Amino acid sequence: MTTNQPYTILSNGVAMPLLGLGAWDMYGREAEQAASDALEIGYRLIDTASMYGNEKEIGEAIGRSGLPRNEIFLTTKVNNADQGFDSTLRAFEESLKKLSLDYIDLYLVHWPVKNKRKQTWLALERLYAEKKLRAIGVANYLLPFLNELSQYASMDPMVNQVEFTPWLFQKKLWDHCKERKIQLQSYTPLARGKKLDDRRLLKIAEKYKRSPAQIVLRWNIDQGISAIPKSSSKKRLQENFDSLNFTLSGEDILTICSFDENFRVCDDPMIML
């Protein structure tokens, strides 16, 4: 394991880095270079998805990194169009092939697709039982979807990846996940930059002599929430990674928690209920 990087232990005992690289909306050479730069900087978690269309490039970056495979935590997800039991099993094998890997660390149901999510989850349980991956989880599962899942799942998801920021502070969902030992992971943790000029945030950033983005990422990490910010800029990748080099006071964490205004930058998963 790389130094100075905090890890969380998933419910099945698998260690996962808290900070990672999100690879959404990156294609071809850009995706490969971003993953290569991230691994060189010290990132050990890379999050991709079949839907992103860059699994091949991410796999090539991992292969060329020279790092031992067991030092890298790779997440990918089953595409909405591939959901269902047999089609999910096929989609997993296709992702494995594109990534040129022997196994995937974490496989997620990307969205809670209506009339498909039960069979999709059962396929993930099958893959987990066959030891083709190290952990399984879901993405975009709000409370109604998690409650529904518990009615047919033989195990809880190890990770729930959702949009979660100081401005979309889903405390009830987070508390529920903690109670069930489901690791919460935040995608678009920086709200795609749309709120980094928040005066309340800028005041805290000035106090710590850090960038607003670093404050938000540290806010996640100090609370044990995994964050996967997306960037293809090596400078920004380094800046995000440097959020690991300080901590926030409990008072400032609580202040940031009060920023909530139900502000979303991505689709609301409730449209799939």
Taking R0 as 51 Å and r as the Cβ-Cβ distance between Arg69 and Lys171, the FRET efficiency 1/(1 + (r/R0)^6), rounded to the nearest 0.05, comes to 0.90
Helix-only [θ] at 222 nm, the chain, -39500 (n - 2.57) per DSSP H run of 4+, per residue, nearest 500, equals -11500 deg cm²/dmol
Note: probe point = Cα of Leu254 + 7 Å toward Cβ; backbone nitrogen < 20 Å; residues of the stretch 202-225 passing the test are 202-205, 207-208, 216, 218-225
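Take the solvent-accessible surface of the protein heavy atoms, probe 1.4 Å, and return the percent of it on the chain that carbon and sulfur atoms account for. Don't skip to the answer; put the middle values down first.
On the way: 5660 of 11680 Å².
After summing per-atom areas, the C and S share lands at 48 percent.
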Amide H contacts under 5 Å for Gly84, restricted to residues at least 5 apart in sequence or on another chain and with H modeled in the peptide plane, are Thr120
Computed ³J(HN,Hα) along the stretch 215-226: with the Karplus parameters 6.51/-1.76/1.60, θ = phi - 60°, integer Hz and x for glycine or proline, the list is 4, 5, 5, 5, 4, 5, 5, 5, 9, x, 9, 6
quick note, the chain, DSSP beta bridge pairs, % antiparallel (nearest 5) is 15
From highest to lowest solvent-accessible area (probe 1.4 Å; ligands, DNA and RNA excluded), Tyr7, Tyr52, Tyr43 read Tyr7, Tyr52, Tyr43
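How high is the relative contact order of the chain, in percent, counting Cα pairs under 8 Å that sit 6 or more residues apart? Intermediate results must be reported in sequence, preceding the final value.
Details: 486 pairs, mean separation 55.2, N = 273.
Relative contact order for the chain comes out at 20 percent.
Evaluate the Kirkwood expression for the hydrodynamic radius of the stretch 183-240, namely the inverse of the mean inverse distance over all pairs of different C-alpha atoms, and round to one decimal in Å.
Values: mean 1/r = 0.0850 Å⁻¹.
Evaluated on the stretch 183-240, it is 11.8 Å.
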Length-normalised contact order of the stretch 86-147, Cα under 8 Å, at least 6 apart, in percent, tallies to 41
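On full extension of the chain, what length is gained from Lys181 through Tyr152, given 0.36 nm per residue of separation minus the C-alpha to C-alpha distance? Present the calculation step by step, with values, prior to reporting the outcome.
Numbers: separation 29, 0.36 × 29 = 10.44 nm, distance 1.76 nm.
The Lys181-Tyr152 span can extend by a further 8.7 nm.
Per residue, how many Å² of accessible area does the stretch 171-243 show with a 1.4 Å probe? Present the calculation step by step, with values, prior to reporting the outcome.
Numbers: 3520 Å² over 73 residues.
The answer is 48 Å² per residue.
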Rg (one decimal) and Dmax (whole number) from the Cα set of the stretch 141-242, in Å, equal 15.3, 49
Contour minus Cα-Cα span, Lys131 to Lys207, at 0.36 nm per residue, comes to 22.6 nm
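The values are calculated or read from the model by the stated rules, or taken from the named source; none is laboratory data. Nothing here was measured: the structure is a model prediction, and the numbers come from that model. Reconstructed Cβ throughout: ideal geometry from the backbone, glycine too, with neighbour counts over all protein chains shown. Ligands, DNA and RNA are stripped out before the accessible areas are found, and what is left, the full protein with its side chains, is counted by its heavy atoms. Shrake-Rupley method; radii C 1.70, N 1.55, O 1.52, S 1.80 Å.
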